[in-house]
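Enquirer: Below is a structure I'd like to ask you about.
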Amino acid sequence: LLEQQRKNAEQERRKHEEMAAAGAFSVAPDAELDAVGDDNDDEKGGASARMQLEILKRANNFRARQTLKEKAQQGDAQAQAQFAELEQDRKAQQKAQAAQSGYKGRKQSVQNENQQQPTQGQGQGQGQGQNVIPTSAFSNKQWKSDDQIAKEKGNKNLKWKQEQEAKVAAARKPKMWQQPSEAEMAKLDAHRPALTTVNMVGALPTNKECSDYDVDELLLYLTLNAASQNTFELKSCVGYLAKRAQSGEPARQHILQRNGLNILLNLLACGGDSDIAVSMSCCRAIQLVCESPSAPQYPVEKAAVFYLSTAMRNSFGNPIFCYTAFNCVCNFTHNNDAHRDYIVGGDEFNGKIVDYILEGMNRFRYSEDDITQNHHCEKVQISAMLALQNIAATPRGRSLIGTAGVEVVLDGFLAHVENNAVVSAALGTLINLCADKGNAQHFVRNDGLGYLLNHLQMDSFGGGGDDKIKITICRILRNIALEAETAQMLVQQEELDDVVTALLINADYGSRVFDETLQLTTALVSTLQRDYNQDLNRVMHNLYDKGLFAILCDALDSDAEQEHDKQPNPLVVEIHAHIAAILNAYVLSKNVDIRGLIFESADEYDAHSFVPGKLIGAAHRTPSAALAYSTNSIFFHCLDEALPKATLVRKLLLELGILDYLLKNTKWYRAPDVHDNAIALGCGIVLYYLQTWYVERQSNAIVCDWDLAHYKSYIEALNDYIKSQKLAGTPSQQLQQTQPKLEQFIKAIPVLLKKYPQ
């Protein structure tokens, strides 16, 4: 579409250059003037009687004025008085016409003439000033000075800009941390459950420094000295253990097998949660240990999770600690159902972790004054979103995070909309959160689509954007579209068709982004098309107006230009199936106008411009069960005699080779995964062409001629395959009803060929 626009602009530019060179830049070419009939063209003398009378009247007035002017110059006093009166009337008419004109530049000249009028009246006599029309009588209220126009334009821009800035500022403004009440603090302080699995015994070597300890010795030290007041040494030993975990998978495995996670959390339980250095070191070590794929096999005690939340509560003022702790929670819950269940399973103390993550995101969202602080805010947002994404992997996690989490994530998204790392983390969290119907509705109601469109438009101006982000956007919206209630809310949003169009236009044909966008569109129309849906019809019409069919046709044509000796790309096969499903949705629409859009491309002089006809080639190149069903459904319903262009469509499809596709191409109906209804639709199309062949020859009015004798054996092969392979056990009532009719017609073919020889 962009290339076509550039071509049109270039043609228009050359056209104006040629006209300017000919000295007729602002005049229409003669060819365009000749397109108007002589009787209706005022410029060729075919003016109406009223116009001719007005022209004659003005000419007579001009002659009379000229005559009086000549006499006045010769000294005739009566002629001077009459000429002055006519001149006064003429100027008054000019002022009135100028007041009604949209040309802004005349205002100043009219005002100047009006200011000079009394001086002229004094020289001409008092009687000549009676026809002067005051400025207030014809002053055009639409006229505005340059300053007024600039001011109003600035106010409009300022209003729009203020709205956007207010929205971004609200998202970037940190919410105040609500300290727990004294009763809540007392309750939290009183809850100090003991860990029962930390019971290592032994003696530490006396001839080694902590930095030289192996994993077992470090774990033993941390067990024996968990309550030590020497926090510096504790922090150092935890750091050494983290280095061992960072060295490789064998060390992480060994730490897990030796109950390392519980030992680290026990440090927090013994008072380490009140020291930020110890808490941060423990969180960092837990994060590294939980990177092991086998970490889910070694879950911690449920009571130990509480001390992770107390460490977060006690050290909340430090953004560096926040993103370290949130990264710890992210790995701690990654693919670990037990740890997720400890947090979201209903424990009021462990569930505080989610509250602390949300409050941390609110507190450290954005900093305008300090670049370093803002960098910390970005890291807090990313780590918190990844932690929420893992917690929201289960229905209970999505419910616990709830709509408050959706708002916080959207605020972080908007505050750092130019940062792809934050945006990617936010969208990854939303894809899990919006799997819950309540969260999805809250996302749509809180302008979630507007945020997505804003990011896509920024990416399009910046050079295309991140494909991973676009894919995630598609999946978020597809999850929402698969639920009827949330899909209905989605189509009511004005930004939906803009989002879909922005994704399609900036995606390469055959890419994963293009495929995901088509999946979104297919899910949307298939979910809501069961009933007449006015909002869906509006979206479908808007997509058509914005070039949806052109994009789909270009995708089909681009594949047709590829080499066909290679195996079809599985992604392209899937894309073609989605294209057919979307076109099928237009054909099956209950809205007459939407259904009629599919036939606007039908041109009897250019069969290849018919959009559904392009699916015939795609079905040959990239056969699939889904493509066969949608394609056959489109062709079957396009041949409905009730449609205004049914005969033309029948001719176009015949010219494009529909019978070769259905009869000579046996792969589609012999495919093991093809739906029986797809075969029934194919049989229905063949029956339609057989019936019209007979009716046209019976009435001796042949419109669509084709060689029945040539296709006779292929029709019989299709019928024989259905009888032997499909009919016995098929659940499809359509196939059970169509096959006997096809067989009956096959028996009559020899008689028909004999009666109507070709």
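The values are calculated or read from the model by the stated rules, or taken from the named source; none is laboratory data. Computed from a prediction, not measured in an experiment: that's the story for all the values here. We place every Cβ from the backbone using ideal geometry, glycine too, and count neighbours over all the protein chains shown. Areas reflect the complete protein model, heavy atoms only, side chains present, ligands, DNA and RNA absent. Shrake-Rupley method; radii C 1.70, N 1.55, O 1.52, S 1.80 Å.
Enquirer: If you go through the range 705-714 one residue at a time, do you hit one that is modelled with pLDDT of 90 or more and closer than 19 Å to Leu681 by Cβ?
Expert: yes
Enquirer: Can you find a residue in the range 178-200 that is hydroxyl-bearing (Ser, Thr, Tyr), within 46 Å of the chain's Cα centre (by Cα) and either open to solvent by 50 Å² or more (accessible area, probe 1.4 Å) or modelled with pLDDT of 60 or more (or both)? If you could, list the steps in order and put the result at the bottom.
Expert: Going through the range 178-200, the residues hydroxyl-bearing (Ser, Thr, Tyr) turn out to be 181, 196-197.
Narrowing further to those that are within 46 Å of the chain's Cα centre (by Cα): 181.
From what is left, the residues that are either open to solvent by 50 Å² or more (accessible area, probe 1.4 Å) or modelled with pLDDT of 60 or more (or both) are 181.
Yes.
Enquirer: Of all residues in the range 201-216, how many are in contact with a Lys or Arg (Cβ under 8 Å, 6 or more places away or on another chain) and loosely packed, with under 10 Cβ neighbours inside 10 Å?
Expert: Total satisfying the criteria: 0.
Enquirer: Within the range 514-570, how many residues turn out to be hydrophobic (A, V, I, L, M, F, W, C), modelled with pLDDT under 90 and open to solvent by 20 Å² or more (accessible area, probe 1.4 Å)?
Expert: Qualifying residue count, the range 514-570: 1.
Let's see how each residue does on (1) of a type in the set (Gly, Ala, Ser); (2) in contact with a helix residue (DSSP H, G or I) (Cβ under 8 Å, 6 or more places away or on another chain); (3) touching a residue at least 24 places away in the same chain (Cβ under 8 Å); (4) surrounded by fewer than 22 Cβ atoms within 10 Å (Cβ to Cβ):
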| site | (1), (2), (3), (4) |
| --- | --- |
| Cys434 | no, yes, yes, no |
| Met458 | no, no, yes, yes |
| Glu485 | no, yes, yes, yes |
| Ala502 | yes, yes, yes, no |
| Ile505 | no, yes, yes, yes |
| Arg512 | no, yes, yes, yes |
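Enquirer: Can you name every residue in the range 314-340 that is in contact with a Ser or Thr (Cβ under 6 Å, 6 or more places away or on another chain) and either touching a residue at least 60 places away in the same chain (Cβ under 8 Å) or not in a helix (DSSP H, G or I) (or both)? Lay out the reasoning, then the answer.
Expert: Step one: of the range 314-340, the residues in contact with a Ser or Thr (Cβ under 6 Å, 6 or more places away or on another chain) are 314-315, 321, 323, 326-327, 339-340.
Selection gives Ser315, Tyr323, Phe326, Asn327.
Enquirer: Which residues, counting only those in the range 291-306, are in a helix (DSSP H, G or I), over 14 Å from His334 (Cβ atoms) and open to solvent by 10 Å² or more (accessible area, probe 1.4 Å)? Let's see the steps before the verdict.
Expert: Residues of the range 291-306 that are in a helix (DSSP H, G or I), as a first pass: 295-297, 302-306.
When the remaining residues are screened for being over 14 Å from His334 (Cβ atoms), the result is 302-306.
Once the filter is applied, which keeps residues that are in a helix (DSSP H, G or I), over 14 Å from His334 (Cβ atoms) and open to solvent by 10 Å² or more (accessible area, probe 1.4 Å), the range 291-306 yields Lys302, Ala303.
Enquirer: So Asp515 passes all but one of these: (1) over 25 Å from Asn569 (Cα atoms); (2) under 16 Å from the mean Cα position of the chain (by Cα); (3) acidic (Asp, Glu). Which condition number does it fail?
Expert: Among (1) over 25 Å from Asn569 (Cα atoms); (2) under 16 Å from the mean Cα position of the chain (by Cα); (3) acidic (Asp, Glu), Asp515 violates only (1).
Enquirer: Would you pick out the residues in the range 312-340 that are β-branched (Val, Ile, Thr) and crowded, with 20+ Cβ neighbours inside 10 Å?
Expert: Going residue by residue through the range 312-340, those that are β-branched (Val, Ile, Thr) are 320, 324, 329, 333.
Thr324, Val329, Thr333, listed by residue number.
Enquirer: Let me ask another. Report yes if some residue within the range 627-639 is surrounded by 21 or more Cβ atoms within 10 Å (Cβ to Cβ) and over 25 Å from Asp606 (Cβ atoms); otherwise report no.
Expert: Yes.
Enquirer: Among the candidates Ser367, Ser281, Ser309, which residue alone is part of a loop (DSSP other than H, G, I, E, B) and open to solvent by less than 50 Å² (accessible area, probe 1.4 Å)? Step through it out loud before you land on a result.
Expert: Values: Ser281 fails: part of a loop (DSSP other than H, G, I, E, B); Ser309 fails: part of a loop (DSSP other than H, G, I, E, B).
Step by step, each of Ser367, Ser281, Ser309 is checked, and only Ser367 is part of a loop (DSSP other than H, G, I, E, B) and open to solvent by less than 50 Å² (accessible area, probe 1.4 Å).
Enquirer: Okay, moving on. Are there helices (runs of 4 or more DSSP H) fully within the range 482-598 with at least 3 residues that are over 30 Å from Asn446 (Cβ atoms)? List them. Before you say what the answer is, go through the steps one by one.
Expert: Numbers: elements: 484-491, 496-505, 512-528, 534-545, 548-560, 570-587, 592-597.
Where helices (runs of 4 or more DSSP H) fall fully within the range 482-598 and carry at least 3 residues being over 30 Å from Asn446 (Cβ atoms), they are 548-560, 570-587, 592-597.
Enquirer: Could I ask something else about it? Return the residue satisfying two criteria in turn: it lies in the range 713-739 and is small (Gly, Ala, Ser) and part of a helix (DSSP H, G or I), and of such residues it is farthest from Leu639 (Cα to Cα). Write out each step before concluding.
Expert: The first filter runs over the range 713-739 and keeps only residues small (Gly, Ala, Ser), leaving 713, 717, 724, 728-729, 732.
Restricting the remaining residues to those that are part of a helix (DSSP H, G or I) gives 713, 717, 724.
On the way: Ser713: 24, Ala717: 23, Ser724: 28 Å.
My answer is Ser724.
Enquirer: Check Gly397 against each of (1) over 30 Å from Glu348 (Cβ atoms); (2) open to solvent by less than 50 Å² (accessible area, probe 1.4 Å); (3) more than 26 Å from the chain's Cα centre (by Cα) and name the one condition it does not meet.
Expert: (1)
Enquirer: Right, something else. Considering only the range 599-615, state which residues are part of a helix (DSSP H, G or I) and surrounded by fewer than 21 Cβ atoms within 10 Å (Cβ to Cβ).
Expert: Taking the range 599-615 first, the residues part of a helix (DSSP H, G or I) are 607-609, 611-615.
Within the range 599-615, Ala607, His608, Ser609 qualify.
Enquirer: Continuing with this model, one more query. Looking at Glu359 and the list (1) at pLDDT 90 or above; (2) more than 30 Å from Pro193 (Cβ to Cβ), which single condition is not satisfied?
Expert: (2)
Enquirer: Go through Leu358, Leu388 for me and flag whichever is surrounded by fewer than 24 Cβ atoms within 10 Å (Cβ to Cβ) and within 22 Å of Thr403 (Cα to Cα). Don't jump to the end; show me each part of the working.
Expert: On the way: Leu388 fails: surrounded by fewer than 24 Cβ atoms within 10 Å (Cβ to Cβ).
Criteria check complete, one pass: Leu358.
Enquirer: Sort out which residues of the range 709-742 are surrounded by fewer than 18 Cβ atoms within 10 Å (Cβ to Cβ) and either among the acidic types (Asp, Glu) or touching a Gly at 6+ places or on another chain (Cβ under 7 Å) (or both), and write them in order of number.
Expert: Correct list: Glu716, Asp720.
Enquirer: Between a residue in the range 582-597 that is surrounded by 14 or more Cβ atoms within 10 Å (Cβ to Cβ) and any residue that is not in a helix (DSSP H, G or I), which pairs come within a Cβ distance under 6 Å, given they are 6 or more apart or on different chains?
Expert: Ala585/Gln529; Tyr586/Ile598; Val587/Ile598; Arg595/Ser589
Enquirer: Does Thr372 satisfy the condition of being crowded, with 20+ Cβ neighbours inside 10 Å and either hydroxyl-bearing (Ser, Thr, Tyr) or not in a helix (DSSP H, G or I) (or both)? Steps first, answer last, please.
Expert: Working: crowded, with 20+ Cβ neighbours inside 10 Å: no; either hydroxyl-bearing (Ser, Thr, Tyr) or not in a helix (DSSP H, G or I) (or both): yes.
Considered against the rule, which asks whether it is crowded, with 20+ Cβ neighbours inside 10 Å and either hydroxyl-bearing (Ser, Thr, Tyr) or not in a helix (DSSP H, G or I) (or both), Thr372 comes out as no.
Enquirer: Additional query: Is it true that Ile353 is assigned to a helix (DSSP H, G or I), among the aliphatic types (A, V, I, L, M), at negative phi and in contact with a Ser or Thr (Cβ under 8 Å, 6 or more places away or on another chain)?
Expert: Numbers: assigned to a helix (DSSP H, G or I): yes; among the aliphatic types (A, V, I, L, M): yes; at negative phi: yes; in contact with a Ser or Thr (Cβ under 8 Å, 6 or more places away or on another chain): yes.
Taking the combined requirement at face value, the residue satisfies it.
Enquirer: Please state which one of Asp660, Asp705, Asp673 is within 39 Å of the chain's Cα centre (by Cα) and within 25 Å of Glu641 (Cα to Cα).
Expert: Values: Asp705 fails: within 39 Å of the chain's Cα centre (by Cα); Asp673 fails: within 25 Å of Glu641 (Cα to Cα).
That would be Asp660, the only listed residue that is within 39 Å of the chain's Cα centre (by Cα) and within 25 Å of Glu641 (Cα to Cα).
Enquirer: Which residues, counting only those in the range 224-248, are at negative phi, small (Gly, Ala, Ser) and open to solvent by less than 50 Å² (accessible area, probe 1.4 Å)? Lay out the reasoning, then the answer.
Expert: Here is the first cut: in the range 224-248, the ones at negative phi are 224-247.
Within this subset, residues satisfying the condition of being small (Gly, Ala, Ser) are 226-228, 236, 239, 242, 245, 247.
Matches in the range 224-248: Ala226, Ser228, Ser236, Gly239, Ala242, Ala245.
Enquirer: Among Gly351, Gly402, which is within 31 Å of the chain's Cα centre (by Cα) and either open to solvent by 30 Å² or more (accessible area, probe 1.4 Å) or without any contact (Cβ under 8 Å) to a residue 60 or more places away in the chain (or both)? Steps first, answer last, please.
Expert: Numbers: Gly351 fails: within 31 Å of the chain's Cα centre (by Cα).
Sole residue among the options that is within 31 Å of the chain's Cα centre (by Cα) and either open to solvent by 30 Å² or more (accessible area, probe 1.4 Å) or without any contact (Cβ under 8 Å) to a residue 60 or more places away in the chain (or both): Gly402.
Enquirer: So which residues in the range 249-274 are closer than 15 Å to Gly239 by Cβ and surrounded by fewer than 21 Cβ atoms within 10 Å (Cβ to Cβ)? Full working, then the answer.
Expert: In the first step, residues of the range 249-274 are kept if they are closer than 15 Å to Gly239 by Cβ; the result is 251, 255, 260, 263-264, 267, 272.
Within the range 249-274, Ala251 is the sole residue that qualifies.
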